[in-house]
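Undergrad: Let me begin by handing over the structure; questions about it come next.
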Amino acid sequence: MHTNKKHYKISVIGKVQGVGYRAFAKSIADKLGVKGFVKNEHDGTVYMEAEAPQVTVEKFLLECHKGPQLSKVDHMDIIQVPVTDFTDFDIQTH
């Protein structure tokens, strides 16, 4: 049973490519114990899936909204989906 684990699909909109955003997201995920992945999209956004207890995901999203120094996050679209039990947090390249 996944009592408190949540899974979110997140689109990060803003100046988030070419600024170290994916490495930043991975470092935060690894620090907090969030599982999932992050990747650049062709439209200039960053797409992530994150899975962890609700309070942990909220901390992750808060940090990701700040982003690395050179980034500027304008908006994050967040959708909750069923848990899939990721085992790690990966940076994906298309």
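Undergrad: Could you go through the stretch 30-36 in sequence order and give the Karplus-derived ³J(HN,Hα) for each residue, using 6.51 cos²θ - 1.76 cosθ + 1.60 with θ = phi - 60°, rounded to whole Hz, and x for Gly and Pro?
TA: Once rounded to whole Hz, the list reads 5, 5, 8, x, 7, 10, x.
Undergrad: Provide the per residue accessible area, probe 1.4 Å, for the chain, rounded to a whole number of square angstrom. Let's see the in-between values first.
TA: On the way: 5390 Å² over 94 residues.
So the chain comes to 57 Å² accessible per residue, rounded to a whole number.
Undergrad: Let me ask you something else. Calculate how steeply helix 54-66 sits against the longest principal axis of the alpha-carbon atoms of the chain, using the helix alpha-carbon long axis, and give the answer as 0 to 90 degrees to the nearest 10.
TA: 0 degrees
Undergrad: Pop a pseudo-label 7 angstrom from the Cα along the beta-carbon direction at both residue 90 and residue 30 and give the gap in nm to one decimal.
TA: 1.6 nm
Undergrad: Continuing with the same structure: Hey, what's the Cα Rg ratio for the chain versus the globular rule of thumb, 2.2 N^0.38 Å?
TA: Numbers: Rg = 12.2 Å, N = 94, 2.2 N^0.38 = 12.4 Å.
Its radius of gyration relative to the 2.2 N^0.38 Å reference: 0.99.
Undergrad: Quick one: what are the phi-derived ³J(HN,Hα) couplings along the stretch 67-80, Karplus 6.51/-1.76/1.60 with θ = phi - 60°, whole Hz, x for glycine and proline?
TA: Calculated HN-Hα couplings, in order: x, x, 3, 7, 8, 9, 7, 8, 7, 10, 8, 10, 10, 7 Hz.
Undergrad: Would you kindly work out the equivalent ellipsoid of the stretch 41-94 from its C-alpha gyration tensor and give its semi-axes, the square roots of five times the eigenvalues, largest first in whole Å?
TA: So the equivalent ellipsoid measures 20, 15, 11 Å along its semi-axes.
Undergrad: Where Lys and Arg each count +1 and Asp and Glu each count -1, what net charge lies around residue 37 among other residues with Cβ under 12 Å from its Cβ?
TA: So the environment of residue 37 carries a net charge of +1.
Undergrad: What is the sum of charges around residue 78, taking Lys and Arg as +1, Asp and Glu as -1, for the other residues whose C-beta is under 15 Å from the C-beta of residue 78?
TA: Residues close to residue 78 contribute a combined charge of -3.
Undergrad: OK, next. Could you tell me which of rounded, prolate or oblate describes the stretch 5-45, using a ≥ b ≥ c as the square roots of the eigenvalues of the alpha-carbon gyration tensor, with rounded for a/c under 1.5 and, failing that, prolate when a/b is larger than b/c and oblate otherwise? List each step's numbers first, then the result.
TA: Numbers: a/c = 2.74, a/b = 1.49, b/c = 1.84.
Oblate is the answer for the stretch 5-45, as a/c is 1.5 or above yet b/c matches or exceeds a/b.
Undergrad: At 1.4 Å probe size, with no ligands or nucleic acids counted, give the accessible surface of residue 24 in Å², nearest ten.
TA: 40 Å²
Undergrad: Next up: What share of the DSSP beta bridges in the chain is antiparallel, in percent to the nearest 5? Could the numbers behind the result be given before it?
TA: Working: 23 of 27 bridges.
Once the DSSP bridges in the chain are tallied, antiparallel ones form about 85 percent.
Undergrad: May I pose another question? How large is the accessible surface of residue 49 in square angstrom, using a 1.4 angstrom probe and rounding to the nearest 10?
TA: Probe radius 1.4 Å; accessible area of residue 49 about 20 Å².
Undergrad: Heavy atoms only, probe 1.4 Å: what % of the accessible area of the chain goes to carbon and sulfur, would you let me know?
TA: Summing carbon and sulfur atoms, their accessible area is 53 percent of the total for the chain.
Undergrad: Taking the Cβ of residue 51 as the center, what net charge do the other residues with Cβ under 11 Å away carry, scoring Lys and Arg +1 and Asp and Glu -1?
TA: +1
Undergrad: OK, next. Kindly sort 5, 66 by accessible area of their heavy atoms, largest first, with the probe set to 1.4 Å.
TA: 66, 5
The values are calculated or read from the model by the stated rules, or taken from the named source; none is laboratory data. Keep in mind it's a predicted model, so treat the numbers as computed, not measured. Virtual Cβ from ideal backbone geometry, glycine too; neighbours counted across all protein chains shown. In case anyone asks, the SASA skips ligands and DNA or RNA and just uses the protein heavy atoms, side chains included. Shrake-Rupley method; radii C 1.70, N 1.55, O 1.52, S 1.80 Å.
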